[in-house]
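Remarks on the structure that follows.
The values are calculated or read from the model by the stated rules, or taken from the named source; none is laboratory data. None of the values given here were measured: they were computed from a predicted structure. Neighbour counts run over all protein chains shown; Cβ positions are idealised from the backbone, glycine included.
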Amino acid sequence: MMAEAATPNEPPNPAQNTGMSTDTPTTTPPAEITVQATEAGDEPDTAAPAVEAPTVDVTPVEVPTAEVAPSKVTKAKASVEDSADADGEEKPFDPATDLPMYREGMDWFVLRVASNKETYVRETLMRKVQIEGLLERVGRIMVPTEKTKTLKGGKARITETKLYPGYIFVEMKLESDSRIPQDVFFLIKETTGVGDFVGTAGRPTPMAPHEVEKMLFDSRRPEETPTVKMEFAPGDFVTITEGPFESYEGTVDEVLPDKGLVRVLVTIFGRQAPIELEYWQIQKAG
């Protein structure tokens, strides 16, 4: 009866469940108890597998992603840099060379305009065609020009001259009867400075292929730094028009376009001597 009375006041003894001797003190932590139970052949606690989380197995999966990412970024940067380099070297669009000579359904025609109004007429027509939505009927409008550099007194001056003064060239689609579409006709004729197309009234004559080829060649974008255009060649007989040797006559010995100079052989006191002159100081002898 005394043993039964003491039972509620005593703490539970783990040795009763494990088969251990009651004389052994219960000082082992719960984790070690689980190990001992396993070694004894008993089933481990059902909570034990939950402790073995698969987080260790997930970490290696992230490593390859981190290793691949830099290469992708490097390729992307290289692609952007290549594109930037390509854009940096890209030349401005040139309608004379970047488009085919002929486009489907269109021909080239010559339009007479007032002298010194070529650029004005071209810009006005292009703006009106854009506003009226007639791009399918009227294409390119060209005014061939050439840049030339002149040197006088050691100073350079660049001028742009029109190669066909009094004319512009229009790429246009005619009606099936070879007449200019009515809306296009009035758009062009109502522009200040415009004359008539080359050809019969209302039916302009298309340019020949060799004429179109030459016109487009002349319409190429002028060079930014042109050389001096020289009208002289070795062997030309010239007269000096300015300078200390004015009125002397001689023969061109060498042309120096980069410097704008011409070396002329002149007879002085019975002896022939070379003189370097600026190209504007001489003219071809008549």
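For the stretch 178-216, taking the residues that are free of Cβ contacts under 8 Å to residues at least 12 places away in the same chain and exposed (fewer than 13 other Cβ atoms within 10 Å of the Cβ), the one that is nearest to the chain's Cα centre (by Cα) is identified as His210.
Could you grab me the full set of residues in the stretch 170-194 that are touching a Gly at 6+ places or on another chain (Cβ under 6 Å) and part of a helix (DSSP H, G or I)?
Residues satisfying the conditions do not exist here.
Looking across the stretch 101-119, just one residue is under 28 Å from the mean Cα position of the chain (by Cα) and over 22 Å from Ala208 (Cα atoms), and that is Thr119. Restricting the stretch 187-209 to residues that are on the phi > 0 side of the Ramachandran plot and in contact with a helix residue (DSSP H, G or I) (Cβ under 8 Å, 6 or more places away or on another chain) leaves a set whose member that is modelled with the lowest pLDDT is Gly202.
Residue-by-condition table, conditions (1) more than 27 Å from Arg122 (Cα to Cα); (2) in contact with a Leu (Cβ under 9 Å, 6 or more places away or on another chain):
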residue	(1), (2)
Val194	no, yes
Ala201	no, no
Ser219	no, yes
Ser247	yes, no
Val264	yes, yes
Ile268	yes, no
Gln272	yes, yes
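With Pro244, Pro274 as the choices, which residue is surrounded by fewer than 15 Cβ atoms within 10 Å (Cβ to Cβ) and in a strand (DSSP E or B)? If you could, list the steps in order and put the result at the bottom.
Numbers: Pro244 fails: in a strand (DSSP E or B).
Selected residue: Pro274, the only one of Pro244, Pro274 that is surrounded by fewer than 15 Cβ atoms within 10 Å (Cβ to Cβ) and in a strand (DSSP E or B).
Looking across the stretch 107-138, the residues that are outside any helix (DSSP H, G or I) and in contact with a helix residue (DSSP H, G or I) (Cβ under 9 Å, 6 or more places away or on another chain) come down to Asp107, Trp108, Val110, Leu111, Val113, Ala114, Leu134, Leu135, Arg137, Val138.
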